[in-house]
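Peer 1: Let me begin by handing over the structure; questions about it come next.
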Amino acid sequence: MHKHWQELLPFYVNGQIAPEDRAALKAHLAGCSECQRALEEWQRVARTTQSAAAERAHELPPLSPVIRAQLQPSPTPRQALAAATRLIWIQRTVILREGFVPALLLVLLLGLLATAGLGEQPPVALPLVGLVPIVAALAVAFLHGPDSDPAHEIVSAAPTNSAVLVFSRMTLVLVLVAGLSALGSVLLSLLGQATLGPLLASWFGPMLLLSALTTILTLLWRPAAAVSISLTLWAGLVALLGRELSGRPLVQVSLQPLLQPRWPLVVGQLVLAGLLWLLGWFILSHEIHTQPQEISLWHSS
Amino acid sequence: MANRKMSEHILSVPAAHDDIDYVLVRAIAQGDGQALDKLYARHGPGLLAYLTSRLGERQLAEEVLQDVMLAVWKGAGRFRGESKVRTWLISIARYRAINAQRRRRLQQVPLDETIPAQEETGPKGLLERAAEQDELRGAMAHLPVEQRETLELVFYHGLSGPEVAAIQGISVGTVKSRLHRAKKALRKWLHTEESSHA
């Protein structure tokens, strides 16, 4: 019946007909004027469909920035580590610009001199335990203040999450402080004033703890308030420690273990610091997401 | 009868897997953003035409197209190469378009086909043919969406019967009857040429 042939015609026109059907249909068309006419009609329909659709296909808009942003594939752990290291290293220009490093060196030098000068009378660790956490906390507080403009230009230039940027900067600062303090500790131990391990352990945990606490206070409040609180807290602690060492303790609890912490205490400090940092990260991410987006989501041409 | 069955079977065999579209989709599944750009450049226009036709509205079509590309990005790993990439893309686009329409509760209006102005120059035959073309195009715009979609899938996207059936969720027989009904509805505009031949 013609119906069979006529059903094949559209697919003959668009080239999707099976080869053996094509041959058969071609043979049939040679002798059937009705089907020939139908073929011409289908060809007209095809041409009109194509031209109408082609007009609708013009001026393809670019992929929207929202899609582009989501196109970042999840990196392998090695890639992520490499990227994180690169990012942290890039922050050095921001740190150097603030005049931070000279101040840091000065403070730590003073601390070292004080330690060396005081001799063995108060425990060696005391100046370091007193100073290093404060220095770190100060640095961290003013890094994330509203005065840190460099954050903005880096944020707008790099397609990185702002929380990541700020935290990478903090990481660099802490690494710097820890590095210099470690260097000083090594010097002191070489001078025979203390054993290296316990000395390092004495200020490392408190440094992380106090800077984490200061970060959170800065995020929730502002740098000046955070610094005041941290400073007061730590100065109080050091004062209590001093009193206890000189034989006139003010509180029942002994704070001496802080100067020569055992493993459980160090681990406890690190865990607590870690939790505080996580909290800080969470607050920072949330804070950035609630700020109004300046980029428009739909590309308008 | 046996011929037809065999042709339908042959048409459902997947195309060669080193075809560029397959290469691109594999790359997208592995997280290659540039491959998505390339796929978008290749198939974006066709998808845009399809969506504009289905939704009747260019702005909405552009938005849905972005959704489609995001779905492609996320779902590329699930594409097994059993159909042509174009078919797979159109299926996604159709699903998204239907959802978009449901959200917007749009009525299925005929396409707004602005017929381009005629030019006075040129032989009269050309002018007449152009006029007929525009009338035919206008008539096509008023076809029901399923018939219009079927015509586009066959003649613009160049798909086979089984592929069209898969996209529209119907049988091949229904595809053929839709084509038949569409042509019947357009007969008035198609027959003007026939009468001039007679």
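The values are calculated or read from the model by the stated rules, or taken from the named source; none is laboratory data. It should be emphasised that the depicted structure is a prediction, and the values quoted were computed from it without experimental measurement. Heads up, the Cβs are rebuilt from the backbone with ideal geometry, glycines too, and the neighbour counts pull from every protein chain shown. Heads up: the accessible areas ignore ligands, DNA and RNA and are worked out on the full protein's heavy atoms, side chains in. Shrake-Rupley method; radii C 1.70, N 1.55, O 1.52, S 1.80 Å.
Peer 1: Limited to the range A:169-198, what total is found for residues that are assigned to a helix (DSSP H, G or I), small (Gly, Ala, Ser) and surrounded by fewer than 20 Cβ atoms within 10 Å (Cβ to Cβ)?
Peer 2: Total satisfying the criteria: 5.
Peer 1: Can I ask one more? B:Ala41 versus (1) open to solvent by 50 Å² or more (accessible area, probe 1.4 Å); (2) modelled with pLDDT under 85: which is the lone unmet condition?
Peer 2: (2)
Peer 1: Scan the range A:33-41 and give yes if some residue there is modelled with pLDDT of 90 or more, of a type in the set (Ser, Thr, Tyr) and over 27 Å from B:Gln66 (Cβ atoms), otherwise no.
Peer 2: Yes, the range A:33-41 contains a residue that is modelled with pLDDT of 90 or more, of a type in the set (Ser, Thr, Tyr) and over 27 Å from B:Gln66 (Cβ atoms).
Condition check ((1) assigned to a helix (DSSP H, G or I); (2) farther than 18 Å from A:Ala54 by Cα) across all residues:
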| residue | (1), (2) |
| --- | --- |
| B:Leu47 | yes, no |
| B:Leu51 | yes, no |
| B:Arg54 | yes, no |
| B:Val64 | yes, yes |
| B:Val68 | yes, yes |
| B:Ala71 | yes, yes |
| B:Gly81 | no, yes |
| B:Leu89 | yes, no |
| B:Ala93 | yes, no |
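Peer 1: Moving on to the next point. Just one of B:Gly81, B:Gly75, B:Gly46 is open to solvent by less than 40 Å² (accessible area, probe 1.4 Å), within 11 Å of another protein chain (Cβ to nearest Cβ) and either under 24 Å from B:Gly169 (Cβ atoms) or free of Cβ contacts under 8 Å to residues at least 24 places away in the same chain (or both); which is it?
Peer 2: Answer to the selection: B:Gly46.
Peer 1: With (1) surrounded by fewer than 17 Cβ atoms within 10 Å (Cβ to Cβ); (2) part of a helix (DSSP H, G or I); (3) at pLDDT below 90; (4) at the interface with chain B (Cβ under 7 Å from one of its Cβ atoms) as the list, and A:Ile67 as the residue in question, which single condition is left unmet?
Peer 2: Every condition holds for A:Ile67 apart from (1).
Peer 1: Which members of the range A:243-274 meet the condition of being closer than 20 Å to A:Phe204 by Cα, buried (at least 16 other Cβ atoms within 10 Å of the Cβ) and not aliphatic (A, V, I, L, M)?
Peer 2: A:Gln260, A:Pro261, A:Gln269
Peer 1: Here's something else I'd like to know. Modelled with pLDDT under 85 and open to solvent by 60 Å² or more (accessible area, probe 1.4 Å): is that true of A:Ile288 in this structure?
Peer 2: Working: modelled with pLDDT under 85: yes; open to solvent by 60 Å² or more (accessible area, probe 1.4 Å): no.
When the stated conditions are applied, A:Ile288 does not pass them.
Peer 1: Which numbered condition in (1) at pLDDT below 85; (2) on the phi < 0 side of the Ramachandran plot is the only one that A:Gly192 fails?
Peer 2: (2) is the only condition that A:Gly192 fails.
Peer 1: When you scan the range A:187-208, do you find a residue that is in contact with a Ser or Thr (Cβ under 9 Å, 6 or more places away or on another chain), among the β-branched types (Val, Ile, Thr) and farther than 29 Å from A:Leu278 by Cα, even just one?
Peer 2: Yes - at least one qualifying residue is present in the range A:187-208.
Peer 1: For A:Leu8, which of the numbered conditions (1) within 14 Å of chain B (Cβ to nearest Cβ); (2) loosely packed, with under 13 Cβ neighbours inside 10 Å; (3) modelled with pLDDT of 90 or more fails to hold?
Peer 2: All conditions are met except number (2).
Peer 1: Being more than 8 Å from A:Ala212 (Cβ to Cβ) and open to solvent by less than 40 Å² (accessible area, probe 1.4 Å) is the filter here; which residues of the range A:275-284 pass it?
Peer 2: Scanning the range A:275-284 gives A:Ile283, A:Leu284.
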